[in-house]
Amino acid sequence: MDGQGGDDFVYDEATGDWIAASEAAAKAEAAGAAGQVEVRDSVGNRLADGDAVTLIKDLKVKGAGQVLKRGTVIRSIRLTGDDQEIDCRHESIKGLVLRAEFVKKL
């Protein structure tokens, strides 16, 4: 594919599209400069350390014998480096890790 455009194309697994290799390199460099994985909530909003989120469904908490109800507000989250997990604290549960797909940014 190095014909007329002068650039190779690579498959971007995140978007499912073929993009120019130079564009892929720029994305990788930008991600490396940021130093963290991009974490998005259930509706696609980007999450950052210190954000407040609300639960979008009732969740059973393993090991605590509790259920966190939909609409519960969790303040001051921390990113874990995994693009699907956030570390947070609740009044009755310490060391709580939630999946980003179950929260929505306030």
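The values are calculated or read from the model by the stated rules, or taken from the named source; none is laboratory data. Note that the structure is predicted; figures quoted are calculated from it, not measured. Every residue, glycine as well, gets a Cβ built from its backbone with ideal geometry; the counts of neighbours run over all protein chains shown.
For the criterion of being more than 17 Å from the chain's Cα centre (by Cα), loosely packed, with under 12 Cβ neighbours inside 10 Å and modelled with pLDDT of 90 or more, Gly63 fails. Residues that are farther than 22 Å from Arg40 by Cβ and modelled with pLDDT under 90 occur in the range 81-92; there is at least one. Taken over the range 55-97, the criterion of being among the acidic types (Asp, Glu) and not in a loop (DSSP other than H, G, I, E, B) is satisfied by Glu85, Asp87.
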